[in-house]
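Have a look at the structure below, then the notes.
The values are calculated or read from the model by the stated rules, or taken from the named source; none is laboratory data. In this text, all values refer to a predicted model and were calculated from it rather than measured experimentally. Here the Cβ is made from the backbone with ideal geometry for all residues, glycine too, and neighbour counts use every protein chain on show. Side chains included, ligands, DNA and RNA excluded: accessible areas come from the protein's heavy atoms. Shrake-Rupley method; radii C 1.70, N 1.55, O 1.52, S 1.80 Å.
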Amino acid sequence: MAKQTGTFEVKVGLAEMLKGGVIMDVTNAEQAKIAEDAGAVAVMALERIPADIRQDGGVARMSNPTMVREIQEMVSIPVMAKCRIGHFAEAQILEALEVDFIDESEVLTPADEANHIYKHDFKAPFVCGARNLGEALRRIGEGAAMIRTKGEAGSGNIVEAVRHMRTILSEIHRLTILDKSELMAAAKEMGAPFSLVEQVARIGKLPVPNFSAGGIATPADVALMMQLGAEAVFVGSGIFKSADPADRARAIVQATTYYNDPEKLRDISAGLGSAMAGLEMSEIPAGERLQERGW
Amino acid sequence: MVVTVGVLALQGAFAKHQQIVEQLGFQTLAVRYADELANCSALIIPGGESSTISLQLDNNGLREAVTEFARNHPVMGTCAGLILMAQKTDSRMVTTLGLLDISVSRNGWGRQVHSFTANITIALDNGSADVPAVFIRAPRIDKTGPGVEVLGSYDHQPVLVRQGGHLGVTFHPELTGDQSIHDLFLKSVVT
């Protein structure tokens, strides 16, 4: 077999390597260095972290290539970046930058209100957010090599990530107990490709790694999501909106390894400065919830 | 007696290694604490991010324990695990364990868009085999010392090396379902 690049196997392979790790949002090379020194498995390069996007408003777009390059030169871990939902030209530019993973993200302002990017056309792997199994399988059908819960980005509130993870896992469980003849109706109901529904019913999990994002602010939040079934975590505003980002970043890395050890988590959590303030979901007007973007 | 193979579970694709090792009839243990090594007859250091695993070895008192364990037990490292087992690496973020007399460049084949699959031929004790190999932001072995056997190469570069009971692999045998690399390693555990 001759050498092949950009295959689905190679894309999912990188997602497999990130398991048990923390992917941290950073907005410049200095923050990227802090993240790498703390043990991040990857950084997500973006112009503004979600909490600031939420506060400042305006159209949020792909990061400036100069900033992405500076971060790539600073660190040796994978560098991810976000493009707008449906904005395949932004994705093409990120691929030309040799970004290691592209996040087609609801945190940025959507560019297409009906369609996501056809991700199989790219050599770079994609991660996409999902709130339920149907959404996850639609994204995988389009070529996503990793799924993450959407949660509610920039909120510092874990409640939505928990809802999305529990929903995805319980819908997976439901498929495994259905009769074969019931799977087509399930696919229709979820709006998901039948072949992927059949596959999930057979293997009892998503066909790609299942990570958590959106609202993680503390080591305990990490432990909660990992115990619920997340295979790794993304932390956005939670680190660089906290009192001492370097300490918090290290604690979050430790919590991702030792998520099942309450005594260790107690020691990891002790002595940390204050976490980001966070928002009660009722404070976020329905039209401003980032998780509702994507189709 | 049931033989237990430890898989270092600080970060990375440890669960995939456990699956294959269990298919081959061994017990596995996801190792996160130094004292767990006492129950293991061999250790696998999986793929992941070598900088993260290196830091987590130090943060959790595992570096000395793993070095000590490797004196009289076989260790296999894949990708990030191979970087950790090397004598030297170009990455200032990784402190190596020095279990294999090799020098390694991290991400030696380039960023993710250059990650690739290929078939390689490996030397076995009783002949050779063709195996599928997945290289993910893989390290490159730049130099091998005199005690290191090269058991497999790709594009004239060593990708599978052995020194005593230790095995180093720049690709990911845990991702393909092919068991021959694990089989080769675990033979040294039984004998």
In Å² (nearest 100), what accessible area is buried between A and B, both sides summed, heavy protein atoms only, 1.4 Å probe? 3400
Reduced to Cα centres, the span from the stretch A:171-211 to the stretch A:1-43 in Å works out to 28
Within a 10 angstrom radius of each residue's Cβ in B:50-62, how many Cβ atoms of other chains show up on average? Whole number is fine. 4
3J(HN,Hα) from dihedral phi, the stretch B:111-125, Karplus parametrisation 6.51/-1.76/1.60, rounded to Hz, x for glycine, proline: 6, 3, 4, 9, 4, 8, 10, 7, 8, 10, 9, 10, 8, 10, 4
Could you do me a favour and compute the accessible area per residue for the stretch B:4-190, 1.4 Å probe, result in Å²? 35
Carbon and sulfur: what percent of the stretch B:4-190's accessible surface (1.4 Å probe)? 44
Partner shielding of B:105-114, taken as the mean number of other chain Cβ atoms within 10 Å, equals 5
Given pairs A:Lys241/B:Lys16; A:Lys123/A:Lys150; A:Lys180/B:Lys187; A:Lys119/B:Lys88 and cut-off 30 Å on Cα-Cα distance, the over-length ones are A:Lys241/B:Lys16; A:Lys180/B:Lys187; A:Lys119/B:Lys88
Output ordering of A:267-280, B:61-74 (per-residue mean of other Cβ within 10 Å, highest first) is B:61-74, A:267-280
Long-range Cα-Cα pairs in the protein assembly as shown (distance over 29 Å), rounded percent: 47
Calculate the mean, over all residues of peptide B:4-13, of how many other protein chain Cβ atoms lie within 10 angstrom of the residue's Cβ. 4
Determine the distance separating the Cα centre of the stretch A:119-143 from the Cα centre of the stretch B:1-52; give it in Å without decimals. 31
